[in-house]
Every structure is written in C-alpha cells, then in structure tokens.
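The structure under discussion appears below in the form of structure tokens.
The values are calculated or read from the model by the stated rules, or taken from the named source; none is laboratory data. A quick note: this is a predicted structure, and the numbers were derived from the prediction, not measured. Counting neighbours? That spans all protein chains shown, and the Cβs are built from the backbone with ideal geometry, glycine included. Accessible surface is based on the protein model in full, side chains and every heavy atom, while ligands, DNA and RNA are left aside. Shrake-Rupley method; radii C 1.70, N 1.55, O 1.52, S 1.80 Å.
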Amino acid sequence: MKLVLDNLTKEFGDFTAVDHINLSMTNGVYGLLGVNGAGKTTLMRMLCTLLKPTSGNIYCNGKDIFKMDSQYRNLLGYLPQDFGFYPEFTVKDYLFYISTIKGIRPVVAKKRTNELIKKVGLTKVANKKLKKLSGGMKRRAGIAQAMLNNPKILILDEPTAGLDPNERIRFRNLISELSEERMVLLSTHIVSDVEYIANEILLMKEGTIVNEGTLEEIINSMPEKVWNCLVPQSMVSTLTEKYKVSNMKAYHHEVELRIISAEKPCETAVYAPPTLEDVFLYYFGEKVGDENGEI
C-alpha cells in the first residue's frame, strides 16, 4: 500500500490550511505532530475524500483517490476527533449499524464485531449503552468501527484527546497492534502519542511539513542545542524572555531551567541530550516573554 501526496493544497478563501505538501507513505505508523490549527485535520479530511483539494493530488498505488471513489473508501478506516455515535445504542448494536452503512454482509459483520470488541477490550461492556461508557471506552468503540472493514489505511485524528494517562497508553498499544500490514496515520499534538509507536514522525506547522523522519533523525536534525542551567531566581525572567524554556524546576533559592539555544545561555549551563519534546518546543513553541507564547 502506498499513498502519495503531490503538491497537495487546500485553501479556504484567503486562508491556506494545507500548503503544497509532498509526501509518500507506505505501511507502518506515521505520527503527524503539530499544534492545534496546524492543518492536520484538513489534511486528514482530504485523505478521507471528505474535502477536495484546491490543487494537487493524492494517489493510492498510483491512482487518484477521488477517481477511485468507493474502491478507495473500501480500503479506508477513519476515526475523526469528534466521531458520531448514538448514545442509546449498545456497543454491539452500534458496530452492527456501522457495518450496515459500510455494506458489510450480516454474517461477516457479526464475526468482525465480536472479534473487534474483544480486540479493543470492550467484551465486558459490549451490551452497555454508549452513553454510559467512559471517554476511553468510547474511543475504543470508535477505533473498532474504523476497523470493521479491515482497512489497509487507518486514519486517526487526535485519538487520545481527553483520555487519562492509562487510557492513552492502552490506546497506543492498541494502535501498535493494529499497524501490522497496514498504513496508520495518527494525528496529535501530544508528543508521547507518537514518540513510542511512530515509525516516522511528520512535523506540521502552518499547513506545511517542516520536518519528517524517524524519532532519531528528527531529534538529531534539531539545529539548536539543549542546556540544563541552575540559576538564581533573579536570573529566571531574563533567561525566559531571551530563550525557549522547555522545563523549569524550583529549589530553595535556585531554579533549574531546560533551555533550547544555539549558544550557551549562561555560565552554569550543561549540555543535555535533546528529546522529541525539545524538538516540539523548538518548532512550535515561543519564548515565555513572547505574546501568546505556548510552552
């Protein structure tokens, strides 16, 4: 399975949400990482044929996905950030209903539903109404509906949004299991969601892919260095206004800062190996002193 994005662009009036993206993806997990408003959802909606590009093309194994029509959609599983569900339906009824919409034969739908309920860990609540499930369980039902047609391309938009740490870990493990023999594109602004499971990470900012590669490649490509500095409290405001600070820890009369900078920020600074979180701050963060800064 191969998806190719060729000069893909989507404009809404004067606003360019996706700006001339060129990308090639095959089987494995791709982590699409960026802040809210970066264009991730617009990109995913085009990949799901829910939006047509203003210009450019998307090819699946060499064929234009919009010309493939249902042939392409049969290969596709999609979990939107806010997926629709019927609160009065039980988990099992909901999956049967979605199976009908997807044109899956009843015998196959029953077998597939039972398999997926077990796989996503919803066996004990299979006959409970969706409105009574926790947020994490609803998301698991969501990924089950996306997997009903055994898709070759699985697209997940912010799948762990609003989940507690345990559910987030459970969800990441589930995505890893489901990634065998298929392409998974996972959109998120949560670094840990892609840090541990993505074969390749795509950093998206203001509608463009600003960097892509493996975790190691992305970290090693960061042009600035990371420093740990133990400084008096009186120096903190000066340093945070001048540099990007990814972490701050206060002691009795001193503060330890983790600073991203090409130059050594202060005399006490010691080099520290960068992490993906540091890379995220480098591309998407602002200095604390900047207006609307995001740390």
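Some notes on this structure:
- Neighbours by Cβ (under 6 Å, 6+ apart or cross-chain): first from segment 72-90, small (Gly, Ala, Ser); second open to solvent by 30 Å² or more (accessible area, probe 1.4 Å) and in a loop (DSSP other than H, G, I, E, B): none
- Assessment of segment 121-134 against the conditions (of a type outside the set (Ser, Thr, Tyr), within 23 Å of residue 50 (Cα to Cα), in contact (Cβ under 8 Å) with a residue 12 or more places away in the chain and in contact with a helix residue (DSSP H, G or I) (Cβ under 7 Å, 6 or more places away or on another chain)) yields no matching residue.
- Remark: pairs (first residue in segment 252-279, under 11 Å from residue 230 (Cβ atoms); second residue open to solvent by 90 Å² or more (accessible area, probe 1.4 Å) and not in a loop (DSSP other than H, G, I, E, B); Cβ separation under 6 Å; 6+ apart in sequence or on different chains) = 255/233; 256/249; 257/248.
- Some residue of segment 51-61 being touching a residue at least 60 places away in the same chain (Cβ under 8 Å) and of a type in the set (A, V, I, L, M): no
- Elements of type strands (runs of 3 or more DSSP E) contained in segment 186-295, each with 2 or more residues being in contact with a strand residue (DSSP E or B) (Cβ under 8 Å, 6 or more places away or on another chain) and either open to solvent by less than 30 Å² (accessible area, probe 1.4 Å) or among the polar types (S, T, N, Q) (or both): 200-205, 208-213, 225-232, 244-250, 254-261
- Exactly one residue among 128, 132, 102 is modelled with pLDDT of 95 or more, over 20 Å from residue 191 (Cα atoms) and of a type outside the set (Val, Ile, Thr), and that residue is 128.
- Qualifying positions in segment 263-286 - acidic (Asp, Glu) and touching an Asp or Glu at 6+ places or on another chain (Cβ under 7 Å): 286
- Residue within segment 157-174 that is within 12 Å of the chain's Cα centre (by Cα), surrounded by 15 or more Cβ atoms within 10 Å (Cβ to Cβ) and assigned to a strand (DSSP E or B) present: yes
- Criterion violated by residue 183 - all others in (1) aliphatic (A, V, I, L, M); (2) open to solvent by 10 Å² or more (accessible area, probe 1.4 Å); (3) in contact (Cβ under 8 Å) with a residue 60 or more places away in the chain satisfied: (2)
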